[in-house]
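What follows draws every value from the coordinates through simple rules; no lab data is involved. What you are looking at is a predicted structure, and each value in this text was computed from that prediction instead of being measured. Here the Cβ positions follow ideal geometry from the backbone for every residue, glycine too, while neighbour counts run over all protein chains shown.
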Amino acid sequence: MGNDVLLEVKNLTKLYTRGYIKVSYKIGCRNVSFSVRRGEVLGLLGQSGSGKTTVANVILRLIKPTSGAVYLEGKDIFSYHLKDYYAKVQQIFQDPYGSFNYFYRVDRTLHKAVSFKNPRISRLERTKRIAEALEVVGLNPSEILGRYPHQLSGGQLQRILIARVLLIEPQLVVADEPTSMIDASSRAGILNHLLDLKEYKIAIIFITHDVGQAAYISDTVVVMHEGEVVEQGEARKVLFAPEHPYTQRLLSDVPKLHEKWDLSQDILPGQAVPHNY
C-alpha cells in the first residue's frame with residue numbers, strides 16, 4: 001500500500017441471509033475493491049440498491065463483511081479499538097434531523113465532539129473551539145448555540161455536523177447522501193463546506209446517486225451496480241468519457257436543458273454557448 005493511501009477496500013463481499021429453515025441470500029456487495037488517498041474525495045456513485053450503503057456500513061464497522069477486508073493505514077479496521085477507530089473515521093448522516101437528540105441543545109453534540117479526543121480540555125477552550133468551527137462552516141455561534149435542533153433548518157444542522165467533524169479531526173469522513181434531505185438552495189453550500197475539509201487533509205467518501213454532485217465534488221469516482229463495481233477512476237474520465245453501459249445510462253438520465261428549449265437561439269452575438277447546452 002502506498003504511503004498516500006489511507007483506506008483500502010479489498011474484495012469486499014457481504015451476503016445478507018433470511019430465514020432459519022429455508023435460508024435465502026441477498027447480495028449486499030460482491031468483490032468490491034478501491035482505495036482512498038489522504039485528502040481525497042472519492043465519489044461512490046450508483047442508484048438505490050446498488051450496494052453503496054452496504055460498503056459504507058462495513059467501513060463504518062456497523063456490519064461485518066462475509067469475506068474480504070478493509071484496511072485503514074494498512075491495518076484491518078476490525079482490529080482497532082472502537083474508540084480509536086472512530087477518532088479516525090467519522091460519518092455525516094443523510095438525515096440531519098435524525099442526527100441530534102431533540103431533548104438537548106446542539107451545544108451538547110459539539111462539546112462532546114471537542115472532548116472526544118481530549119476529555120480534560122477546559123470548558124472555556126471547548127467553547128472557543130466550537131465557535132471557531134461554526135464560523136468555518138458559515139454559521140454565527142450566537143445564532144446557533146443555545147438552540148434545540150427543531151429550531152434550526154436542515155441546512156444549518158448539516159453544517160453543524162460538518163463543524164463536529166472539524167472538532168474531532170478524523171482522517172476520513174463517510175458522507176452518505178448528505179444533501180438529499182435539505183432544500184436545494186443549501187446543497188451547494190454543503191458541498192463547498194465538504195470540499196473545505198480537504199484543507200485539513202481529511203479524506204471523504206461521498207455517497208450519492210446524483211451524477212452532478214459526484215462530478216462537482218469528487219477527485220475519483222467508483223460506480224456501483226447490483227452490488228459490484230462496474231467502473232472507477234479519475235472523476236473527469238469516468239463521468240465525461242464513461243466506458244461501461246451502466247455509467248453511460250446514468251449520464252444519459254441527467255436532464256439536459258437543450259432537450260426542452262433551443263437556448264442557442266437566445267445567445268447574443270459574441271457570447272459563448274455554455275458547455276452543458
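General remarks:
- In this rough spin-label picture, where each label sits 7 Å from Cα along the Cβ direction, the V254-D84 distance is 4.2 nm.
- Quarter of the Cα convex hull surface for the range 103-158, i.e. its orientation-mean projected area (nm²): 3.9
- Positive minus negative residues near L15 (Lys, Arg vs Asp, Glu; Cβ under 9 Å): +3
- All lysines inside 21 Å of K10 as judged from Cα atoms, apart from same-chain residues fewer than 8 positions distant: K26, K52, K64, K75, K88
- Each of L145, L12, L139 was scored by other Cβ atoms within 10 Å of its Cβ. Arranged with the fewest first, they read L145, L139, L12.
- Mean Cα-pair separation over length for the range 120-217, i.e. relative contact order, pairs under 8 Å, 6 or more apart, %: 27
- When the Gaussian network model of the chain links Cα atoms closer than 10 Å, the mean-square fluctuations of A131, A203, A184 top out at A184.
- Selected from K88, K22, K198 as most flexible by GNM, with the chain as the system and alpha-carbon contacts under 10 Å: K22
- Fully extended contour minus Cα-Cα distance, from D183 to Y102, at 0.36 nm per residue: 27.1 nm
- Sorting D107, D183 from the fewest to the most surrounding beta carbons within 10 angstrom yields D183, D107.
- Rg to Rh quotient for the range 20-175, alpha carbon positions, Kirkwood Rh: 1.02
- A113 sits among other residues whose Cβ lies under 11 Å from its own Cβ, and their net charge, with Lys and Arg +1 and Asp and Glu -1, is +4.
- With a Förster radius of 35 Å applied to the C-beta separation of R61 and E143, the computed FRET efficiency comes to 0.50.
- For C29, net neighbour charge (Lys/Arg +1, Asp/Glu -1) across residues whose Cβ lies under 12 Å away: +2
- Potential extension, E125-K237 segment - 0.36 nm per residue separation minus Cα distance: 35.8 nm
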